[in-house]
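One structure is given here, and the rest of the page talks about it.
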Amino acid sequence: MSNIAVSVTGLSKRYRLGTTHAQDGSLAGALTRGLRRLIGGPSASPQPQDTLWALRDVSFEIKKGEVFGVIGTNGSGKSTLLKILSRVTEPTQGRALIHGRFCGLLEVGTGFHPELTGRDNVFMSGAILGMKRQEIARKFDEIVAFAEVEQFIDTPVKHYSSGMYVRLGFSVLAHMDPDILIVDEVLAVGDVRFQKKCMGKMEDVGQHGRTVILVSHDMPAITRMCSRAILLNKGEIVQAGPAHEVVNHYLHAGHIQPVVEWPDPTQAPGNNVARLRALRVRSEAGQISDVIDIRKPMRVEIEYDILKPGQMVVAQFGFNTEEDVIAFIVNDRDPAWYRRPRPVGRYVSTAWIPGNFLSEGTMVVGGGIFSEDPWHEHCDVPRAVGFRVVDPGTRDTARGDVTGRWEGVVRPLLRWTTEHSSL
């Protein structure tokens, strides 16, 4: 009997840019094409379109009981790979064979209806994910206890805080018993304490002999939980092997970019309230740049669309070192818009960082759009862009004449005063 849980051979996926569902391989695309044929409408496939290969000739195998990591920058093909493995979309070429019952943790809160109680949503979401009612009933108390919502389980989820909502959604997903579990960045839910609880649950799943495919920007989690991993870049596998080696290659091979854009709104991260359109790193002169002089001011900008009027949203940046240590998190506090309803439109929010503030080295930046009171995430893309801070070695920095490694994620050149008095 084979010990292979997942076998991927020559997998490729092509998208036609600027097209609708009519050209893709989804159910919506098939229905659209069929309807056009029935009514005698024009075909949607004619003139040549620009194409994007989201995946190119990807091949790998995952053994039963293995925890396998998939890493890469945004746009590298990770989500496309998971959609194919989860049978959400079909590959253009190649095949992916999955041996056993599988579940994809691709979106927390799948199937939740705001008017239904937490209890009703647990049963409905579980059914959508393929669980039998008896199975859900058997695990119900455990699901609710893990989510820490016992007191509110018979309350409509529209009254839940965003933290309660994602905790219950994750708990339903995490308590399924598939042979193969596909996890896409859902460990970053709730507060820090609950994130650790999620991580512990996933480690427990892996230790009980189930196969886990983990996609994450959390490099320490990949290193700790996975035995092997692959690194995707522009749809191709550029590194495969032991997880710690692949992570090390990713962190030190310069896989950073100063700009990421989503020109197609249907592919942009977000929801019906807000969608992210771009993140950019700019030098003091306003040029997009991945190299920043430590002495010079710089800025990071986030471009986004507000799709519903009257929303009070806040833009946020998270700055991390290349080792994935959090440097700092900043929220937009521009008084022109802070806590004010916004009309529908395109916005560009900019965070200005003074010179002689950051330390030298590589910084990676994630960005997102949130609502406050209660806090709710509309879109959040970690490790989206990056840049390298360089020290020219002159004396007009906080280093002065000091040589060697300078610890810390910031190196501010502060104003000092010294007073002297006689002994």
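Below, the figures for the structure above:
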quantity	calculated
Relative contact order of the range 259-390, pairs being alpha-carbon contacts under 8 Å that are 6 or more residues apart, as %	30 percent
Nearest-ten-degree value, helix 27-39 long axis tilted from longest Cα axis of the chain	60 degrees
Cβ-based exposure ranking for Trp416, Trp375, Trp53, in which fewest neighbours within 10 Å come first	Trp416, Trp375, Trp53
Between 0 and 90°, nearest 10: helix 133-147 axis offset from the chain longest Cα axis	10 degrees
Extension gain from Leu307 to Ala137, taking 0.36 nm per residue of separation minus the Cα-Cα distance	57.3 nm
Proximal lysines to Lys139, defined as alpha-carbon separation beneath 19 angstrom and excluding residues fewer than eight positions away on the same chain	Lys197, Lys201
Cα gyration tensor shape of the range 259-390, rounded if a/c is under 1.5, else prolate or oblate by comparing a/b with b/c	prolate
The range 166-320 - percent relative contact order, Cα under 8 Å, separation 6 or more	13 percent
Prolate/oblate/rounded call for the range 55-138, Cα gyration tensor, a/c under 1.5 rounded	prolate
Tilt relative to the chain, helix 162-174 - C-alpha long axis, 0 to 90 degrees, to 10	50 degrees
Stretch in the chain that is longest and holds no trypsin sites (Lys or Arg not before Pro) that DSSP places in a loop and that have at most 13 other beta carbons within 10 Å	133-332
Out-of-range pairs (alpha-carbon distance over 25 Å; input Lys196/Lys308; Lys83/Lys132; Lys78/Lys196; Lys234/Lys308)	Lys196/Lys308; Lys234/Lys308
Candidate values (i) 64, 47, 43; (ii) 87, 58, 53; (iii) 61, 47, 37, label of the one derived for Cα extents along the principal axes in Å	(ii)
The range 237-310 shape via C-alpha gyration tensor axes, a/c threshold 1.5	oblate
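Values in this text are rule-based calculations from the coordinates and carry no lab data. The shown structure was predicted, so the numbers you read here are calculated from the model rather than taken from an experiment. Cβ sites come from the backbone with ideal geometry, for glycine too, and all protein chains shown count toward neighbours.
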